[in-house]
1. In Å³ and rounded to a whole number, note down the convex hull volume per residue for the Cα atoms of region 261-339.
2. Among all helices in the chain defined by DSSP H, which have a length of 20 Å or more along the axis from Cα atoms plus a Kyte-Doolittle mean of at least 0.0?
3. Please arrange 349, 177, 9 by counting, for each residue, the other beta carbons lying within 10 Å of its beta carbon, fewest first.
4. As an exercise, identify the trypsin sites (Lys or Arg not before Pro) in region 276-325 lying in DSSP coil whose Cβ has no more than 12 other Cβ atoms within 10 Å.
5. Restricting to region 8-254, what percent of DSSP beta bridges are antiparallel, rounded to 5?
6. Once Rh is set to the Kirkwood radius over Cα pairs, what Stokes-Einstein translational diffusion coefficient, in µm²/s, holds for the chain at a temperature of 37 °C and a viscosity of 0.692 mPa s?
7. Treat each spin label as a single point 7 Å out from the Cα along the C-beta direction, and report the residue 163 to residue 45 distance in nm.
8. Quick one: grab the alpha carbon gyration tensor of region 293-405, order the square roots of its eigenvalues as a ≥ b ≥ c, and give me rounded if a/c is under 1.5, else prolate or oblate depending on whether a/b is larger than b/c.
Amino acid sequence: MFGIMKKKTLHFESIGGASGDMILGALIGLGVSVDELNEELKSLNVDPFEIVADAVVEQGMSGIRAKVKLHEHHRHDHDHGHHHGRHLSAILKLIEESALPDKVKTNASKVFQQIGEAEASIHGVDIEKIHFHEVGAMDSIVDIVGCCLALYKLDVDRVSIRSLPQGHGTIECAHGTYPNPAPATLRLLEGFPVQDVDEPFELVTPTGAALISAWRTAESPGIGCRAIKTAYSVGHRKLNDRPNLLRATLYEAAEDQTADECLVLECNLDDTTPELVGCLFDQLLEAGALDVFTTPVFMKKQRQGTLLTALCLPADRGKMLDLIFRESTTFGIREQLSKRTVLERSFKTVETPYGEVRIKIGRRNGVVVTASPEIEDCRTLAKENGIAVKDVYEAAKKRGGDYDE
């Protein structure tokens, strides 16, 4: 099979904040059908509702303003449920008993679980004793589950965002008056970069914080990505000094992350045993390093040591540094950005007298410039057939045939 699998990254940039309806509006703006969302979310056992998405203009920028509208004759029941709140188990049961895809159920349940853990920690009670008030209201449930369904429909592999704006002052919620942001919001975003802005409003809601904290896997889309679609979502509140916008952009990148720039991390090790260096080697690769290698070196007073080198995407810098410091004895790591040129890669499976072997194929400007059998496939077949690995390797090379077919 030829062609490079493409990975999609959803990148958020927040000017006005983030709420459930703003995130939902951004995903709708990227192409998710409102009609499909309304139809598929009917399987939730909740009162009748409708997701409405309107095209609006906010300070010269066109965008989508989304809202979950509740049917008027059910408003009394909704208010009653809102006042008393819902337990986590009741919400998880609603999700589990729906006809939504399993991946959506898992994602939505994870979001509510994180909210429950944050609330339980704040109030010092068992998670099942927590009453979800604002986030347990029907429109918020539809917001969260709807966002998870929309993300599923976009077939996104990862979500990135750098920071969120933070307002000031106080807010009113079910438990009374609290500092802004709400306690649950702050707990959900612990360790998350924020920017203080001069807006006396709740810019990031607990719903928005829960979705972003559950989804976020990176700060940026990464090098080598290309933007394929952008959408703006508009919040319902008018801010004083900035537009109430959330921008969402879909980026596409090759699965093998053929970036044109990478970060080179290096450190000298002379008091870490070879076995531990080997463990760190494997951990770095599992964590997403592009390549890892070691070089024997002589250090001060001609002590024998090891130069550890790891290549990674700049977006992965933090976790790579943490891993090296945690798993080695080094006191410092050198780092530099480096240009690199990589071939486009694809795979072809060939049949040999000993079994199937995958061939890795490298192209430059669409032309095959190299091809090599996967050595692990050759090793496995050699063991099964009781022959030399090189015999399987050569047989696979001969059966490679026309790599451009």
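No value in this document is a laboratory result; all are computed from the given coordinates. Keep in mind that this is a model prediction, so the values were computed, not measured. Here Cβ is always computed from backbone atoms with ideal geometry, including for glycine, and neighbour counts include all displayed protein chains.
1. Details: hull volume 6.6 nm³, N = 79.
Enclosed volume per residue, from the Cα hull, is 83 Å³.
2. Working: long enough: 102-123 (31 Å, -0.59); 138-154 (24 Å, 1.42).
Membrane-span-like by this criterion, though nothing is claimed about a membrane: 138-154.
3. Numbers: 349 12, 177 9, 9 22.
Final ranking by Cβ density, sparse to dense: 177, 349, 9.
4. Values: sites: 300, 301, 303, 317, 319; in loops: 303.
Answer by residue number: 303.
5. On the way: 30 of 41 bridges.
Rounded to the nearest five, the antiparallel share is 75 percent.
6. On the way: Rh = 24.6 Å.
Value of D from the Cα-based Kirkwood radius: 133 µm²/s.
7. Inter-label distance under the simple model: 4.6 nm.
8. Details: a/c = 2.90, a/b = 1.79, b/c = 1.62.
Verdict is prolate for region 293-405.
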